[in-house]
Each structure stands twice: as C-alpha cells, then as structure tokens.
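Worksheet for the structure shown next.
Bear in mind that the values in this text are calculations on the coordinates, not laboratory data. Bear in mind that the values here come from a model prediction, so they are computed numbers and not experimental data. A quick note on method: Cβ atoms are made from the backbone with ideal geometry, for glycine too, and the neighbour counts reach across all protein chains shown.
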C-alpha cells in the first residue's frame with residue numbers, strides 16, 4: 001500500500017472519531033448510537049495502521065479475495081444497524097401515539113373545566 | 001347515585017364533514033330513561049372542517065394533534081370511555097354505515113349471553129347492504145383464517161360495529177392495532193379469554209367519504225392483516 005493513502009486513511013479515521021466524540025459531548029448523539037460509531041471508527045483506525053490486517057483475516061476465514069470480506073462484513077453490519085433503526089422507529093411510533101392520545105384527552109378535560 | 005347505564009359511542013372521524021353531524025344526531029337520539037348514550041367523536045387530525053363542526057355538536061370532542069389512523073383514534077375513545085367510568089363502549093364508523101338504533105339491543109344481547117364483546121354482523125341474516133363480491137370474498141378469507149387459528153366462526157370479522165364491556169376496554173387500553181384493527185382484535189379477544197358473539201344488524205352503504213381499502217391497498221390490507229393475525233396469535 002502506498003504510504004500516502006495510509007496517511008489519508010489514518011487522518012480521516014481520526015477526524016471521524018473526533019467528530020463522533022464531539023457530537024456526544026454536545027449531547028446531540030445518544031450514547032447507545034454512539035457506541036456503534038466509535039466501534040466502527042476504531043476498526044477503521046486499526047486497519048489503517050495494520051496494513052496486512054485485511055489479508056490475514058481474509059485468509060483465516062478462507063476468503064480468497066480480501067475486498068469481498070470487507071463488502072460482506074460491511075453489508076451485514078449495515079443490515080443489523082438498519083434493523084436496529086427500524087426497531088427504534090417502531091418504539092418511537094408507539095410512544096408518539098400514546099402522547100397524542102393523552103394530549104387529546106387532556107385538551108378535552110381542559111375545555112370542560114374552562115367552560116364550567 | 002344514578003343507576004343509568006352509560007354507553008360511550010366512539011366515532012372515529014377523518015375528513016367526515018358531510019356525515020358527522022347526522023351520525024352524532026343519530027347517536028344522541030338513542031338515549032332512553034335507562035340508558036345514557038354519549039357520542040365521543042375522535043377527530044383524527046382531519047384536514048377539512050370536521051374540527052369546527054364537532055365543536056358545535058352535542059358530543060364529546062377529542063381532537064388528536066396528529067393523524068393516528070383508525071385504530072389509534074378508536075383507542076383514544078376507548079381510553080376516554082374507560083377513564084370516565086362508562087359501562088360500555090361502542091365503536092361505529094364515522095361515515096354513517098352503521099345504524100345506531102340497535103345499540104341498546106347489542107347491550108341486551110351482551111348481558112343476556114354474558115359476553116365481553118358483541119359484534120354487529122351483516123351476514124347472519126344477510127339483510128341490508130352486503131358489500132361487493134370482491135369484498136365478501138376477502139371477508140370469507142378472514143373467516144377461514146380465524147376459524148383455522150382460533151376454531152371460532154365469526155361471520156363478519158371486518159365489522160367495525162362492536163359493543164364492549166369495561167373488561168374489554170381495559171384490555172384494548174393497553175394495546176389496539178393502528179391500521180385495519182377489526183380482524184386482529186378478534187384474535188386479541190380470543191387469546192385473552194374474552195367471550196364474544198355476533199348479532200345481526202343491517203348496515204347501509206357509506207354516506208360520504210371513501211373507503212381506505214381499494215386498488216393496491218386491498219393487497220396490502222390482506223397481507224398486513226394476515227401477518228397481524230398470525231403474530232398476534234403467537235404473541236399472546
């Protein structure tokens with residue numbers, strides 16, 4: 001691997017890590033979501049330093065072409081994460097429904113009290 | 001302490017400005033010396049003037065700040081009825097398909113048979129509006145599916161006209177499906193040991209508005225409800 005691309009990879013990974021940490025610090029990203037981003041950033045950093053890492057791991061799993069391992073792993077991770085997001089959205093949907101219903105019931109009660 | 005029976009008639013309304021006033025008036029006309037019938041209109045964030053119309057009617061108006069769909073709207077009404085000590089809750093459609101006259105009869109049947117829920121069915125006597133052949137075959141399919149899963153025969157599983165006691169309200173308070181809740185609710189009753197039965201009622205063709213189930217929606221409806229029935233059965 002050309003040292004230039006290694007330098008770029010390390011720099012970008014570190015910047016990404018800083019950005020994720022910054023978002024957590026500002027309270028914009030919940031820790032449960034941050035966890036997976038920090039993990040993936042660390043994976044990126046490790047592979048930026050450890051040049052032969054990918055080949056070693058691919059050989060261990062019996063994958064002939066190392067990039068295929070990257071695609072398989074990445075797509076699987078993305079699917080898992082998408083499922084996690086669908087679950088979160090379903091939960092938010094249920095909570096949102098309860099809130100809307102409580103609000104409608106409270107508005108009715110308030111109207112009744114005001115008109116008395 | 002009065003011994004009058006209090007019945008809440010839950011009318012979910014989404015863009016029903018043409019028919020809602022007539023439905024509310026019909027409901028109010030059912031009250032007798034023994035029964036107080038209160039129309040509870042749940043305005044599911046209508047875009048037309050439903051909100052304005054119902055605030056001037058003799059009814060309880062519950063206005064949802066966001067559109068929840070028929071199930072979420074009916075559940076809001078159930079919560080209201082339960083919180084305000086109603087003895088029974090009836091759900092009817094906001095488009096005037098369901099007659100209000102049989103409501104006392106539904107309650108009598110429920111008490112006589114010791115049921116928790118009573119369903120108004122079009123297909124016991126096959127009188128009144130019978131829907132189209134396509135829709136009837138869909139209904140036949142749900143009949144078959146419910147029979148297969150629960151062993152019970154329900155002639156009109158998609159009927160939205162139901163009267164329930166407080167035990168049922170309490171159960172549906174906790175969970176009620178959002179979309180196309182009727183067939184799925186039957187499984188919820190069945191799995192929670194509620195007793196239910198059907199009595200014949202005559203329905204009429206919708207008085208205004210459009211059915212939410214048509215075209216491609218039909219396929220989605222059949223698929224969604226099938227999945228929901230199977231998983232509700234497994235969950236409980």
To the nearest 10 degrees, how steep is helix A:31-49 against the longest Cα principal axis of chain A, on a 0 to 90 scale? 10 degrees
Taking only Cα atoms and a 10 Å spring cutoff, compute GNM fluctuations for chain B and point out the largest among B:149, B:187, B:103. B:149
Can you tell me the 0 to 90 degree angle between the C-alpha axis of helix A:3-25 and the longest principal axis of chain A, rounded to 10? 20 degrees
Would you mind pulling out the separation of the Cα centroids of region B:1-45 and region B:78-109, in Å? 8 Å
Tell me, how many Å apart are the Cα centres for region A:80-116 and for region A:1-64? 38 Å
Pick from A:52, A:68, A:96: which residue has the top mean-square fluctuation in a GNM of chain A where Cα pairs under 10 Å get a spring? A:96
Between residue B:204 and residue A:64, what's the calculated FRET efficiency when r is the beta-carbon distance and R0 is 56 Å? Round to 0.05. 0.20
Can you give me the three principal axis dimensions of the protein assembly as shown from its C-alpha atoms, in Å, biggest first? 90, 51, 37
Residue among B:159, B:49, B:19 with the largest mean-square fluctuation in a Gaussian network model of chain B, springs linking Cα atoms under 10 Å: B:49
Between 0 and 90°, nearest 10: helix A:66-114 axis offset from chain A longest Cα axis: 10 degrees
Interatomic Cα distance distribution for chain A, bins of 10 angstrom, percent: 11, 25, 26, 15, 10, 7, 5, 2, 0
Compactness of region A:65-116 as Cα Rg over 2.2 N^0.38 Å, two decimals: 2.28
P(r) of region A:1-51 in 5 Å steps, Cα pairs, percent per bin? 5, 23, 26, 20, 12, 9, 5, 1
Cα convex hull of region B:91-156: mean projected area in nm², to one decimal? 5.4 nm²
Taking 8 Å as the Cα distance limit and 6 or more residues as the minimum spacing, I'd like the relative contact order of chain B as a percentage. 23 percent
As an exercise, use a Förster radius of 35 Å and the Cβ-Cβ distance of residue A:74 and residue B:170 to find the FRET efficiency, rounded to the nearest 0.05. 0.15
Starting from the Cα gyration tensor of region B:1-145, take the square roots of the eigenvalues, sort them a ≥ b ≥ c, and report rounded, prolate or oblate (rounded when a/c is under 1.5, otherwise prolate if a/b is larger than b/c, else oblate). oblate
At residue B:153 and residue B:113, where each label point lies 7 Å from the Cα along Cα→Cβ, what is the point-to-point distance in nanometres? 1.3 nm
Which parts of region A:90-107 would a label at residue B:67 reach, counting a residue when its backbone N lies under 11 Å from a point 7 Å out along Cα-to-Cβ? none
Förster radius 30 Å - calculated FRET efficiency between residue B:235 and residue B:141, Cβ distance, rounded to 0.05: 0.85
Percent antiparallel among DSSP beta bridges confined to the protein assembly as shown, nearest 5, equals 25 percent
